[in-house]
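> To start, I am sharing the structure in question, which I have written as structure tokens.
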Amino acid sequence: MLLKDKTVIITGASRGIGRAVARECARQGGRVVIGHSGSAQGNQAAASLIEEIHAFGGQAIDVPGDAADPDTGDKLVAGALEAFGSVDVFVNNAGICPFHSFLDMPRETYLRTVNTNLNGAYFAVQAAANQMKNQGRGGAIIAISSISALVGGGMQTHYTPTKAGLHSLMQSCAIALGPYGIRCNSVLPGTIATDINKDDLADPEKLAYMTGRTPLGRLGEPDDIAGPVVFLASDMARYVTGASLLVDGGLYVNLQ
Ligand code: NAP
């Protein structure tokens, strides 16, 4: 019960990595606030996750809202306060990666990606941090960045800067929020099989290439990210701030 009595907000928690993180946070005793887009698919997925969490005796609510909207962070915080009375952990996870080549990148695709992954995240982190500061007992903020913060991708020129930006945001926020006991860290997943990359990985050659490059011999699963996030959220990581944790099965170091 590493997160007992902590309220944990997770954005993009209806599916994929965020869903696995939310489930594990609830298993660890956290009271979970599930963020999602509010689409029909998001609503349905969030409802089924709440059911799953209730089934093992956990506590969860959902708060829909577009991650690109600067007001969504305030709504998540308000929802957490109304249901559970505090915000102790904020996990910024919502993100999109519509693969596209650079030279003909539509402006709309670029702007939507940056607004969803980074600009909305900035204000959501700010909203959570202000609430934690007002509570006066510190807190933990974790950004789900990516291995893409460290390496490029020809079909991801709009995406990789957002992930480097989140990583940098956590470093700067660690300094800005350290005096309030609020720790800020990032998690950098490698290739995790989810909806975000299912079309890309449907190509058997690409799948074999990515698997072959991973020293642990398999792609990641959403559950592989949950443990590292719980660690950073918990008091076990009480002296960890401004850090980043690669969770990639060894993919990044496998160059030669
Ligand atoms: P996913 O399976 O596609 O899930 C994305 C989640 O984000 C969903 O819960 C979705 O909610 C939510 N979301 C998307 N757009 C949103 C919006 N505009 N407003 C609110 N919520 C929105 O993707 P994933 O692979 O789990 O990715 C989660 C995070 O991990 C992303 O930030 C991604 O960049 C990062 N990451 C993933 C990988 C990987 O290989 N999978 C690697 C490194 C980093 P709805 O259900 O409502 O659409």
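> Only one of S172, S146 is under 22 Å from T241 (Cα atoms) and within 14 Å of the chain's Cα centre (by Cα); which?
After applying the criteria, what remains is S146.
> How many residues are closer than 18 Å to M155 by Cα and either in a loop (DSSP other than H, G, I, E, B) or touching a helix residue (DSSP H, G or I) at 6+ places or on another chain (Cβ under 6 Å) (or both) when one looks only at region 86-112?
Qualifying residue count for the region: 12.
> For residues in region 50-78 being out of contact with any helix residue (DSSP H, G or I) (no Cβ under 6 Å at 6 or more places or on another chain), part of a helix (DSSP H, G or I) and under 21 Å from P222 (Cβ atoms), which is nearest to the ligand (Cβ to nearest atom)?
Among them, the one singled out is L76.
Yes or no, residue by residue, for (1) without any contact (Cβ under 8 Å) to a residue 60 or more places away in the chain; (2) assigned to a helix (DSSP H, G or I):
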site: M155; (1), (2): yes, no
site: H167; (1), (2): no, yes
site: M170; (1), (2): no, yes
site: A176; (1), (2): yes, yes
site: C184; (1), (2): yes, no
site: T211; (1), (2): yes, yes
site: G217; (1), (2): yes, no
site: D223; (1), (2): no, yes
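> Moving to a separate point now. Which of the residues belonging to region 153-175 are more than 25 Å from Q131 (Cα to Cα) and more than 14 Å from the ligand (Cβ to nearest atom)?
G154, T157
> Of the residues that sit in region 79-105 and are away from the ligand (no atom under 16 Å from the Cβ) and either among the acidic types (D, E) or more than 18 Å from A26 (Cα to Cα) (or both), which one is least open to solvent (accessible area, probe 1.4 Å)?
D88
> If I go through region 8-35 residue by residue, how many of them are assigned to a loop (DSSP other than H, G, I, E, B), more than 9 Å from the ligand (Cβ to nearest atom) and surrounded by fewer than 24 Cβ atoms within 10 Å (Cβ to Cβ)?
2
The values are calculated or read from the model by the stated rules, or taken from the named source; none is laboratory data. Not measured: the values here are computed from a predicted model. Methodologically, a virtual Cβ is constructed for each residue, glycine included, from the backbone with ideal geometry; neighbour enumeration extends over all protein chains shown. Side chains are part of the model used for accessible areas, which takes the heavy atoms of the whole protein and leaves out ligands, DNA and RNA. Shrake-Rupley method; radii C 1.70, N 1.55, O 1.52, S 1.80 Å.
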